[in-house]
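Input: a single structure, listed below in structure tokens.
The values are calculated or read from the model by the stated rules, or taken from the named source; none is laboratory data. The shown structure was predicted, so the numbers you read here are calculated from the model rather than taken from an experiment. FYI the Cβ positions are ideal-geometry reconstructions off the backbone, even for glycines, and counts take in every protein chain you see. With ligands, DNA and RNA removed, areas are computed over all heavy atoms of the protein, side chains included. Shrake-Rupley method; radii C 1.70, N 1.55, O 1.52, S 1.80 Å.
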Amino acid sequence: MDILQSMKFEEFDLAPEIIEAISYMGFETASPIQEKAIPAAIKGKDVLAVAQTGTGKTAAFTLPVLHNILQNKITGTSTLIITPTREIALQIDRQIQGFSYFLGINSLAIYGGGDADEWEQQKKALRDGVEVIVATPGKLLSHLGMNYAKTDKIQHLILDEADRMLDMGFLDDIKRIISKIPKKRQTLMFSATMPPKIEGLAKQILNEPEFISIAISKPAESVFQGVYLTYENQKTPLINHLISDQEEYKSILVFTSTKKKVNDIVRGLRNKNYRVEAISSDFEQSKREEIMTEFRANKIRVLVATDVISRGVDIPQIDLVFNYDAPGNAEEYVHRIGRTGRAGAEGVALTLINELDMEKFDAIEKLIEKKVYRAQMPDFIGEGPKWKVKVRRATKGKKPFRK
Ligand code: ADP
Ligand code: MG
């Protein structure tokens, strides 16, 4: 894992049970963000940490908090983790459960989309004072509005994917949640990027934080990036051509920015030899989980997704990512292609750019400071549009994309 330096978890001032739990998870050395954030958080400091997707932020905030709960024998709800989407909430909850097997610390994910039974279960856990709550803002507020949650003992507040939450318009919700928990607490704020509004929020809610920043967001070196200049109607035939006889790509994600396109893309990519499915924020929660489970288990080869899963969710071993269209900005691009080449594994990310998206992609290339390889269209598909952004000249690829 190239993001890792050689610091061992044993070198931290962590409780032996935590060290055991970490080795059970298969983590050997700490990632840079963990190396910096864990000691600061153990000391009880507020932390503002900025590091790109896939750098191990979850453990960077869960480990010190679990350590503190254990060390000080804290009972009742002491930790609140706020996160933008249910997928991320579930993923964090799963990681805590993994650690907690050794620790006897309970956690619960609270998110929308569930049924009445789930609501009752969440209500009971909040009333009983489950130690760690991992929640999306809206759903948590609905519970908090009814005054049965025991929030008076919360002493750790964690905001995960803070930039994303602000982008999604959760600022007011976050402030309302904060107004309902004790002022005297430790606050840890994690973000993939550091736009001014994050600085603004940090100033308001953090107390003399330790600021930790691990490089600027750039795609991992282990991801091969390519771009095809295509007309819109060439995109599906191109993807089919690239994947149909390439069996070594077992897990393929196709991202699109528009929900409307998802079904058309799925239909266009259907193939008798493998499963192609979609996931979008329109789906029921249970359906989304089912699809993600099957995708992780390699039962689904191609998953067509909107940006709902492009951030934070850990999908191990994606071999190939397609951007069916240009992501809105460089961060989104980095996050999308960050689904492949994780933990130092090799990955491939191919972006399909029509004539309307060229300016957008040019801006992305400037921000990531990299000229992405121009792959040549296969002959049978015909020529795509010419690159029309003045400053850069498209270099013709020597051969069509083949790994
Ligand atoms: P982020 O929140 O920064 O996007 P995650 O916390 O989701 O990153 O971690 C990304 C992946 O790296 C997960 O699969 C996680 O289990 C793994 N990981 C995190 N820390 C370590 C570590 N120290 N050693 C090995 N794997 C790790
Ligand atoms: Mg994360």
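Some points to look at:
- One decimal place: the segment Glu346-Asn329 gains 3.8 nm when fully extended, by the rule 0.36 nm per residue minus the C-alpha distance.
- In the chain, the portion of solvent-accessible area held by carbon and sulfur atoms comes to 49 percent [1.4 Å probe, whole percent, DNA, RNA and ligands not counted].
- List Thr58, Thr77, ordered by accessible area with a 1.4 Å probe, largest first: Thr58, Thr77
- A simple spin-label model places the labels of Asp379 and Gln246 2.0 nm from each other, with each point 7 Å out along Cα-to-Cβ.
- Potential lengthening between Lys197 and Asn273 on full extension [0.36 nm per residue; Cα-Cα distance subtracted]: 22.6 nm
- Note on Lys123: lysines with a C-alpha under 29 Å away, same-chain residues under 8 apart excluded, are Lys57, Lys73, Lys139, Lys150, Lys153, Lys175, Lys180, Lys183, Lys184, Lys287.
- Subtracting the Cα-Cα distance of Lys184 and Asn72 from their residue separation scaled by 0.36 nm leaves 38.7 nm.
- Accessible area of the chain divided out per residue, in Å², using a probe of 1.4 angstrom: 45
- Dipole in debye (nearest 20) - the chain, about Cα centre, beta carbon charges: Lys, Arg +1; Asp, Glu -1: 900
- Proximal aspartates and glutamates relative to Lys272, as straight alpha-carbon distance under 15 Å, when same-chain residues fewer than 8 apart are discounted: Asp245, Glu247
- Phe211 accessible area, assembled protein chains, probe 1.4 Å, Å²: 120
- Under a 5 Å amide H cut-off, with hydrogens placed 1.01 Å from N, Phe322 pairs with Leu253, Val254, Phe255, Leu350 among residues at least 5 apart or on other chains.
- When every Cα-Cα distance of the stretch 149-251 is counted in 10 angstrom steps from zero, the calculated P(r) takes the values 11, 30, 19, 17, 15, 7 percent.
- Part-to-part distance (alpha-carbon centres) for the stretch 1-63 and the stretch 115-163, which is given in Å: 25
- When the surface is traced with a 1.4 Å probe over the full set of protein chains, Lys259 keeps roughly 100 Å² accessible.
- Value of Rg/Rh across the stretch 135-203 [Cα atoms, Kirkwood radius]: 0.96
- Note on the stretch 1-108: with charges restricted to the Cβ of Lys and Arg (+1) and Asp and Glu (-1), its dipole about the Cα centre is near 320 debye.
- Per-q log10 I(q)/I(0), the chain, q = 0.11, 0.13, 0.14 Å⁻¹ (Debye; single scatterer per alpha-carbon; no solvent): -0.83, -1.11, -1.24
- Taking the charge dipole of the chain about its Cα centre, with +1 at Lys and Arg Cβ atoms and -1 at Asp and Glu Cβ atoms, the residue from Asn329, Ile178, Leu103 reaching farthest to the positive side is Asn329.
- Summary of packing: across the peptides 41-47, 379-385, the per-residue average of other C-beta atoms within 10 Å ranks them, highest first, as 41-47, 379-385.
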